[in-house]
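The values are calculated or read from the model by the stated rules, or taken from the named source; none is laboratory data. What you are looking at is a predicted structure, and each value in this text was computed from that prediction instead of being measured. Virtual Cβ from ideal backbone geometry, glycine too; neighbours counted across all protein chains shown.
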Amino acid sequence: MDDIEPPEFNVFVEWLYTQKLPADGKSWNTIANQSKSDLLGMLRLKLYVLADRLIVPSLHRLLNRAIVNVSRIYYVSPPPYENIIYAFQHLPPSDSILDYFIDIFYMGWDSDIHDRSGEDNFSDLPQDFLLRLLTKMGKERKRSKYRQQSLYKLDVCSYHAHASDEERASCPNKAYDAEGKMWMKRESEKEDAA
Ligand SMILES: [Zn+2]
């Protein structure tokens, strides 16, 4: 296994001696001999993959509990794109961490988070992840009491690609305007809709 990188290997060796994971983020970085604390999630993930490959169930279990963090009750941040890509490339499809990533992504991801993350890696998100996410979305919508579509009023005119404002104004197929519903309209038309 020549693709094992030093940071997670350092923590692995430490675990061999202590049978414990580092107590906090600072210890993780010290033992791994890495400085960037924002890479802690990836470090744990890589060590989890290592434990999976080397078939070390006790370490695998410890890391599962470290990654599936239940202490943050109110909000669980969706995993960075890079971590999703790594997990789907290196873990078997049935691994529970993949389901965890899909579900917390579904729960918490939005366009603000995307804007903060930047486009890096976005287009590399694995097809398996995207299809499972879409399937999740469908199941959750079916499960919810009110269908998502009932929240919206569809601005059909925005999809007509009218050549001019005059043509748009005289369009006979206007959207039905319903109180308390959000407009759903073609993305590219949103800027000039105000
Ligand atoms: Zn129209």
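Details
- Annotation note: of S164, S94, the sole residue that is more than 25 Å from L40 (Cβ to Cβ), away from the ligand (no atom under 16 Å from the Cβ) and hydroxyl-bearing (S, T, Y) is S94.
- If you go through segment 107-130 and keep only what is at positive phi and surrounded by fewer than 13 Cβ atoms within 10 Å (Cβ to Cβ), you end up with just G118.
- Flag for P57 being surrounded by fewer than 17 Cβ atoms within 10 Å (Cβ to Cβ) and in the same structural domain as P22 (by TED's automatic domain parsing): yes
- Which numbered condition P92 misses (of (1) loosely packed, with under 11 Cβ neighbours inside 10 Å; (2) closer than 24 Å to E187 by Cβ): (2)
- Qualifying residue in segment 135-154 (condition: out of contact with any helix residue (DSSP H, G or I) (no Cβ under 7 Å at 6 or more places or on another chain), within 14 Å of the ligand (Cβ to nearest atom), among the β-branched types (V, I, T) and at pLDDT 75 or above): no
- Residue match in segment 168-177 (condition: away from the ligand (no atom under 16 Å from the Cβ) and more than 19 Å from F88 (Cβ to Cβ)): no
- Residue match in segment 108-120 (condition: over 18 Å from G41 (Cα atoms) and among the aromatic types (F, W, Y)): no
- Residue match in segment 79-89 (condition: closer than 16 Å to M42 by Cβ, of a type in the set (V, I, T) and outside the structural domain of L50 (by TED's automatic domain parsing)): yes
- Considering D115, D155, D120, the condition of being of a type in the set (D, E) and under 30 Å from R53 (Cβ atoms) is satisfied by D120 alone.
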